[in-house]
Structures are given as structure tokens and as C-alpha cells.
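Colleague: Structure in C-alpha cells, see below.
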Amino acid sequence: MMQKHNFWSILLIVLLIALAGGGFYGGISFLIDPLQQNNTMNVPLSMLDGLFIHDFVLPGLFLLAVMGILPLLAAFGLAFRPAWHWTDPLNGWTHRHWSWTLACAVAVLLVLWLGFEIALMGTHLYPPQIGTGILGIWLLILVWLPPLQRLYHQ
């Protein structure tokens, strides 16, 4: 059953779903075309020069899991607030619903991932990375808004 929401919680849920869509698209694209021979993601294979990986399988798995599945799970939890007992350890130290904690973790992971990409590639970023960076900043701002913290307080 859908729970009570305010403008900020709906915006957070929508942005998490958008992130999940991008994570699924990017992850699946990298897994289908790990050498980017069809240039499905418009990212050159040379971007991996000097790294311990030689294709986009690991980035694809990361995108699929961390930027696809986790934000979708957080959005579901924020929308419906299921009381799952296995998530109690997350609730204990934040005093927030587990989905708020997960949304916060996803936002931090997103910003760290983009920082990692900048460290690897330099400041030459592609439009999807710029958009994702802006999305990450918005997610970080949203999860810390007092109305959202009160809404998901336990």
C-alpha cells in the first residue's frame, strides 16, 4: 500500500527511478557490447588504457547492480515502506527507514563513482556523466532535507 508522501519524497523516488533506468541501460549495454565495437555507449575502449580491465564487463556489472538494482530497491522502499526485519541493522544507526539509508548510500556511491571516473579519465567528461553527476548532487541534497528526514524517521 502506498504511504503518505510529500513533494520532496516523490521527487526523490522519481530521480531514483531515473537513475535506475540509466543504470540498467548502461549496464546492459556494456554487458552486451563489452568492447564497445558497436559504440552503443559512445565511450571509447581507450578509456580503459592503463587499467587492470580490458573491457567494460566490470563497469557494466557495477552499473547494473549499484546504479540499476539498488536505486530501484530504494525507490520501492521509499514509496511503500515495507517493514522487512532483515533491514533492521540499517534502521538502528540512522533511525530512518532502511530505504532512506539506501537512497543516501546510492547517492554517495554515485558521487564516488563519478569521482573515480574523473580520476581515471581526467576532466574530459561525456554528457551522460555530467547529467549523472548533477543527478547525484540532487540526490545528496534531497536525502538530507529536513522534511524527508522527518518523513522517514522511525
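The values are calculated or read from the model by the stated rules, or taken from the named source; none is laboratory data. Bear in mind the structure is a predicted one, so any value in this text is a computation, not a measurement. Because the Cβ atoms are built from the backbone with ideal geometry, glycine has one as well, and the counts that use them run over all protein chains shown.
Colleague: Taking only segment 64-88 into account, find how many residues are part of a helix (DSSP H, G or I) and either within 13 Å of ALA105 (Cβ to Cβ) or in contact (Cβ under 8 Å) with a residue 24 or more places away in the chain (or both).
Modeller: Restricting attention to segment 64-88, the residues satisfying the condition of being part of a helix (DSSP H, G or I) are 64-80, 85-88.
Checking the rest, the ones that are also either within 13 Å of ALA105 (Cβ to Cβ) or in contact (Cβ under 8 Å) with a residue 24 or more places away in the chain (or both) come to 64-75, 77-80, 87.
Total satisfying the criteria: 17.
Colleague: Conditions first: (1) over 30 Å from LEU148 (Cα atoms); (2) touching a helix residue (DSSP H, G or I) at 6+ places or on another chain (Cβ under 8 Å); (3) surrounded by 19 or more Cβ atoms within 10 Å (Cβ to Cβ). GLY68 passes all but one, so which condition is the exception?
Modeller: Failing condition for GLY68: (1).
Colleague: Can I ask one more? Return the only residue of ASP33, ASP55 being free of Cβ contacts under 8 Å to residues at least 24 places away in the same chain and either closer than 22 Å to GLY122 by Cβ or crowded, with 19+ Cβ neighbours inside 10 Å (or both).
Modeller: Values: ASP33 fails: either closer than 22 Å to GLY122 by Cβ or crowded, with 19+ Cβ neighbours inside 10 Å (or both).
Step by step, each of ASP33, ASP55 is checked, and only ASP55 is free of Cβ contacts under 8 Å to residues at least 24 places away in the same chain and either closer than 22 Å to GLY122 by Cβ or crowded, with 19+ Cβ neighbours inside 10 Å (or both).
Colleague: Follow-up. Go through segment 122-154 and give me each residue that's without any contact (Cβ under 8 Å) to a residue 60 or more places away in the chain, in a loop (DSSP other than H, G, I, E, B) and either more than 30 Å from GLY92 (Cβ to Cβ) or in contact with a helix residue (DSSP H, G or I) (Cβ under 6 Å, 6 or more places away or on another chain) (or both).
Modeller: If the condition is that a residue be without any contact (Cβ under 8 Å) to a residue 60 or more places away in the chain, in a loop (DSSP other than H, G, I, E, B) and either more than 30 Å from GLY92 (Cβ to Cβ) or in contact with a helix residue (DSSP H, G or I) (Cβ under 6 Å, 6 or more places away or on another chain) (or both), then GLY122, THR123, HIS124, LEU125 are the ones that fit.
Colleague: Please state which one of LEU31, LEU73 is modelled with pLDDT of 95 or more and farther than 27 Å from LEU140 by Cβ. Step through it out loud before you land on a result.
Modeller: On the way: LEU73 fails: farther than 27 Å from LEU140 by Cβ.
Going through LEU31, LEU73 in turn, the sole match is LEU31.
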